[in-house]
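K.L.:
Mind having a look at this structure? Questions to follow.
The values are calculated or read from the model by the stated rules, or taken from the named source; none is laboratory data. Treat the numbers as computed from the prediction; the structure is a model and nothing was measured. Here the Cβ positions follow ideal geometry from the backbone for every residue, glycine too, while neighbour counts run over all protein chains shown. Areas reflect the complete protein model, heavy atoms only, side chains present, ligands, DNA and RNA absent. Shrake-Rupley method; radii C 1.70, N 1.55, O 1.52, S 1.80 Å.
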Amino acid sequence: MTSTPIADLWTTLPGGAGPRPEAAYRLLAAAVEAFAERGYHATTTRDIATAAGMSPAALYIHYPSKAALLAEISRAGHAATLELVRAAAGADGGPVERMRRLVEDFTSWHARGRTVGRVVNYELHALPAEDYAVVAGLRLDIEREVSGIIEAGRVAGLFEVAEVKTAARAVTSLGIDVARWYTERSSESPQELGRRYGELVLRMLGARL
């Protein structure tokens, strides 16, 4: 896969989910690539199984449906992102330093993990209602962490924002969109892009740099 190794995500799943069998990781990786390339609805279980070097029947040993695969990918991707955001929000320093770190890490994560990022952010509509509710809760937690830093900076007179929630959504939207357009041919490395986005967001929030 052309992004963060798929197995790395699963250690961040809520509930402390343990490692999956190697065959399950192959299916997850194949599903990520297929969903990112074709879209969820245009992908069949046969497409996924074939790409994983397995028979369609073997897929059902590990997952009851392609919807179950999408749900696990979405939960894992969002859980990993929430962990990253919480680490930045809880780091040393004031709101400006913490926001810079959050944006740098959030942006570079979506550049490095762009294939997973495209699936978890742009195939949300395909999730079954129960799974969507879980992912929506994770997304809300991410937004709350970002809003918390912005509010702290606003109260301290470091940020100038009219509406904190709107600002938080703008911050996360910038990073998420990186997964849509970033490629290996991009002129900036994920780290360099993260640094530039960090500067951009701080100026957007009215920080005096």
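K.L.:
For the chain, report the accessible area per residue in Å² (1.4 Å probe, heavy atoms, rounded to an integer).
P.N.:
I get 47 Å² per residue for this part.
K.L.:
Please give the FRET efficiency for Ser173 paired with Ser65, using the beta carbon to beta carbon distance and R0 = 30 Å, rounded to the nearest 0.05.
P.N.:
Once rounded, the FRET efficiency stands at 0.50.
K.L.:
Rank-order 198-208, 130-140 by packing density, defined as the average count of other C-beta atoms within 10 Å over each peptide's residues, highest first.
P.N.:
Descending mean neighbour count gives 198-208, 130-140.
K.L.:
Please work out the FRET efficiency for the pair Glu22 and Glu199, using the Cβ-Cβ distance as r and a Förster radius of 41 Å; give the result to the nearest 0.05.
P.N.:
The formula returns an efficiency of 0.45 here.
K.L.:
Once label points are set 7 Å from the Cα along Cα→Cβ at both Glu184 and Asp141, what is their separation, rounded to one decimal in nm?
P.N.:
3.3 nm
K.L.:
Pulled fully out, how much extra length does the chain show between Lys165 and Glu97, if you take 0.36 nm times their separation in residues and subtract their Cα-Cα distance?
P.N.:
22.5 nm
K.L.:
Quick one: order Lys66, Lys165 from most to least accessible surface, probe 1.4 Å.
P.N.:
Putting Lys66, Lys165 in descending order of accessible area: Lys165, Lys66.
K.L.:
Just to confirm a number: summing +1 for Lys and Arg and -1 for Asp and Glu over residues other than Gly148 whose beta-carbon lies under 12 angstrom from that of Gly148, what do you get?
P.N.:
Taking every other residue near Gly148 into account, the sum is +1.
K.L.:
Let me ask another. Before rounding to the nearest 500, sum -39500 (n - 2.57) across all DSSP H runs of length at least 4 in the chain and divide by the residue total; then give [θ] at 222 nm in deg cm²/dmol.
P.N.:
When only DSSP H runs of four or more count, the value is -22500 deg cm²/dmol.
K.L.:
Can you tell me the orientation of helix 190-204 relative to the chain, as the angle in degrees between its alpha-carbon axis and the longest Cα principal axis, to the nearest 10?
P.N.:
40 degrees
K.L.:
Further, regarding this structure: Label Thr44 and Ala58 with points 7 Å out from Cα along Cα→Cβ: what is the distance between them in nm?
P.N.:
So the label points at Thr44 and Ala58 sit 1.8 nm apart.
K.L.:
Hey, any idea what % of the chain's accessible area is carbon plus sulfur with a 1.4 Å probe?
P.N.:
Exposed carbon and sulfur together represent 52 percent of the surface.
K.L.:
Explain nothing, just compute: Karplus ³J(HN,Hα) = 6.51 cos²θ - 1.76 cosθ + 1.60, θ = phi - 60°, for every residue of the range 96-103 in order, whole Hz, x for Gly and Pro.
P.N.:
Ordered by residue, 3J(HN,Hα) equals 5, 5, 5, 5, 4, 5, 4, 5 Hz.
K.L.:
Follow-up question, since we're still on this one. So how exposed is His41, as accessible area in Å² (1.4 Å probe, rounded to 10)?
P.N.:
For His41, the solvent-accessible surface is approximately 130 Å².
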